[in-house]
Amino acid sequence: MTRQLHLNLFVYPGGHHEAAWRYRESAPERVLDLSYYVELARAAEAATFDGLFLADGPSLADNIAYATRFRLEPFTLLSALAASTTHLGLIGTASTTYSEPYNLARQFAGLDHVSAGRAGWNIVTTGAPGAAQNFGLDEHPTHADRYERADEFLDVVTALWDSWEDDAVVGDRLTGQYADTDRIHRIDHVGPHFSVRGPLNTPRTPQGRPVYVQAGTSPAGRAFASRWADAVFAAHQTLEEAQAYYADLRAQAAGHGRDPDRVLVLPGISPYLGSTDAEAKALQRDLDELTQPAYSIDLLRRLVGVELTEAELDDPFPVEAIQVEGDRAESSRFQLVRDLAERERPTSRQLLHRLAGARGHKLVAGTPEQVADVIETWFTRGAADGFNIMPPYLTGGFTDFAEQVVPILRDRGLFRREYTGTTLREHYGLARPASRFSQGVLV
Ligand SMILES: Cc1cc2nc3c(=O)[nH]c(=O)nc-3n(C[C@H](O)[C@H](O)[C@H](O)COP(=O)(O)O)c2cc1C
C-alpha cells in the first residue's frame, strides 16, 4: 500500500482567521449550535478525513472581546458527534496540568466506547497562565514542572487503561459471572504527583486506549512527544523548518526504541482557496482587513512581549524589542514568531496578518491545484505525514477544501477514496496496544 496522507479537520468556532466570524460568508449565530458541528463532522467524514480535532484550555481567552474564542467542552461535543458519525476520528484536547488522571481516564474510556474506537487525546500541559487561578493555584506551574507532571500523568492513565484485560468481561448469564476479576488489576501507582490505586471502573476500550496526540515543539515538548505520541501536531512556516522537525522527532522516537513510522507528524495548514490565485489572495485580504489592531497588538504582547501602538503598525516590526525573559522564550510559539520576523522583516501589520490567519501555522492562498501542490511537496519531501486542515472561515472554507482539493489529492493517489477501517488507530495505521497485564508483565 503506497503511503497515504492523514488529514484532520481542526475546528475553531467561526474559523481559524481571528476575524473569521465577521466575514460575510461566516455564520457566527450558529457557533453554539450542535447542528453546526454535526454539519462539519459529516462533511469531514464524507471527505474520508481521519479525524476532527478540538483544541481546548481551562480558562477564558483574553481576546474574547474581539473573536469567537470561547470553548465548548470537548468530551461533551465529541460524544454528541460520535452519535452523528460512524468513521470520523474524534480528537479532543485535555490538560495534564489541570486534570486528575482517574477522571480523565474515565472520560476518554467513555468516548472510545460510545464512538466504537474513534477517540484521540491531544495532550497539552496548558500554556495559558490564566488557568492557574481557576484551580486554586496562585502561580501557573513552570514549563519544566508541567512536563514532569505530564510524564507521570501518562504513566498513570496508560496503566489505568491497561487495568482491564481484553477478556475480563465474561458476561455469562448461565453462571451469572459478568466479569473475571482476576483479569482486572490494581495499578497501585505512587509517585511525586499522583497516588492512584485503580483499577479503572470501565472495561477496556475498543482501541485499548485513545490515540495519543501531542502539540509541543520545545525541547521538553519534543522529548515528551518522542516517548508518548502516536501523532504530533505542529506549526511550521517553511518546508525546511518542517523537514528539520520531522527528522528530529523521528530520531528521538527511534532513540526510545520506537518505530519512527508509527509517530505521525501533522503540521497545520490554513488554505485560502480561489478559482484563480488573485481570487484566493483577495479572500485573504478581505479577512485580514477585518482584523482589529487592538486584538492583534494584544496577541503580540503576549507572545513576544512587544508593546505596539496602532500608529506604528505600518513601520518595520521592531525585532530588537522582543523580550526573551522567563517561560515565554521556552515556548515554540515564541520561536516561531521571532524566526518569522527575523527571516521576513515584515511591517508590524504584515506580521499581525500572518498571525491573524492561523496563529503561526502555514497559510496557503491559491487555487485548489496550488494548495494540493504544497500539500504534496511537504508530504513527499519528509516534512509531514499529513495535515491539520485549518479553514480560515466556516463552514464554506472547509466544504470548498473538501469539494475542490480532496478530489485532486485522490487523483494523485495521495489520499484514500474510502475508509478501510472504523477506528482512529486503523485510519492512522497504528496497532492496537495489548494490556501489559495480558502479557503477564506486572507493573
Ligand atoms: C496544532 C496545535 C494545537 C494546539 N492545541 C492546544 C490546545 O488545544 N490547548 C493548549 O493549551 N495548547 C495547545 N497547543 C499548544 C501546545 O500544547 C504547546 O503548549 C505549545 O505548542 C508550546 O509547545 P511546548 O509545550 O513544547 O512549549 C497547540 C499547539 C499546536 C501546534
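The values are calculated or read from the model by the stated rules, or taken from the named source; none is laboratory data. All figures in this text were calculated on a predicted structure; none of them were measured in a lab. All Cβ positions, glycine included, derive from the backbone under ideal geometry; neighbour counts span all protein chains shown. Please note that ligands, DNA and RNA were not included when accessible areas were found on the heavy atoms of the full protein model with its side chains. Shrake-Rupley method; radii C 1.70, N 1.55, O 1.52, S 1.80 Å.
In the chain, Cα pairs under 8 Å separated by at least six residues give a relative contact order of 24 percent. Modelled spin-label separation between D151 and A431, with each label point placed 7 Å from Cα along the Cα-to-Cβ direction: 2.5 nm. Shown is the FRET efficiency for T309 and T2, computed with R0 = 60 Å from the Cβ-Cβ distance and rounded to the nearest 0.05: 0.65. Length available on full extension from E289 to D167: 0.36 nm per residue minus the Cα-Cα distance, which gives 38.1 nm. Shown in residue order for the stretch 400-408 are the 3J(HN,Hα) couplings computed by the Karplus curve 6.51 cos²θ - 1.76 cosθ + 1.60 at θ = phi - 60°: 4, 4, 5, 7, 10, 8, 4, x, 5 Hz (x for Gly and Pro).
Of the GluC sites (Glu not before Pro) found in the stretch 281-370, those in coil by DSSP whose Cβ has at most 13 other Cβ atoms within 10 Å are E289, E307, E325. When the chain is described by a simple charge dipole with +1 on each Lys and Arg Cβ and -1 on each Asp and Glu Cβ, the residue from P293, Q214, P271 located farthest towards its positive end is Q214.
Before I look further, what does the stretch 312-443 give for accessible area per residue, probe 1.4 Å, in whole square angstrom?
Solvent-accessible surface per residue comes out at 43 Å².
In sequence order, the stretch 82-98 has phi-based couplings of 4, 6, 10, 9, 10, 10, 5, x, 10, 10, x, 8, 8, 8, 7, 7, 10 Hz under the Karplus curve 6.51 cos²θ - 1.76 cosθ + 1.60, θ = phi - 60°, and Gly or Pro positions carry x.
In terms of accessible area, using a 1.4 Å probe and ignoring ligands and nucleic acids, R149, R343 rank largest first as R343, R149.
Estimated from helices alone, the mean residue ellipticity of the chain at 222 nm is -11500 deg cm²/dmol (sum of -39500 (n - 2.57) over DSSP H runs with n ≥ 4, per residue).
Here the label points at Y178 and A65, each 7 Å from Cα along the C-beta direction, are separated by 5.4 nm in the simple model.
Between A27 and E73, the distance separating the two model label sites (each 7 Å from Cα on the Cα→Cβ line) works out to 2.5 nm. The Cα center of the stretch 367-443 and the Cα center of the stretch 82-106 differ in position by 20 Å. Ordering H427, L154, Q284 by the projection of their Cα atoms onto the charge dipole of the chain, which places +1 on the Cβ of Lys and Arg and -1 on the Cβ of Asp and Glu, puts H427 at the extreme positive end.
The string of couplings for the stretch 384-398 from the Karplus curve (6.51, -1.76, 1.60, θ = phi - 60°) is 6, 9, x, 9, 8, 7, 10, x, x, 9, 10, 9, x, x, 8 Hz, one whole number per residue in order, with x for Gly and Pro. Taking the C-alpha atoms only, the angle from helix 239-255 to the longest principal axis of the chain is near 20 degrees. What a 1.4 Å probe finds exposed on the chain is 51% carbon and sulfur by accessible area, rounded to a whole percent.
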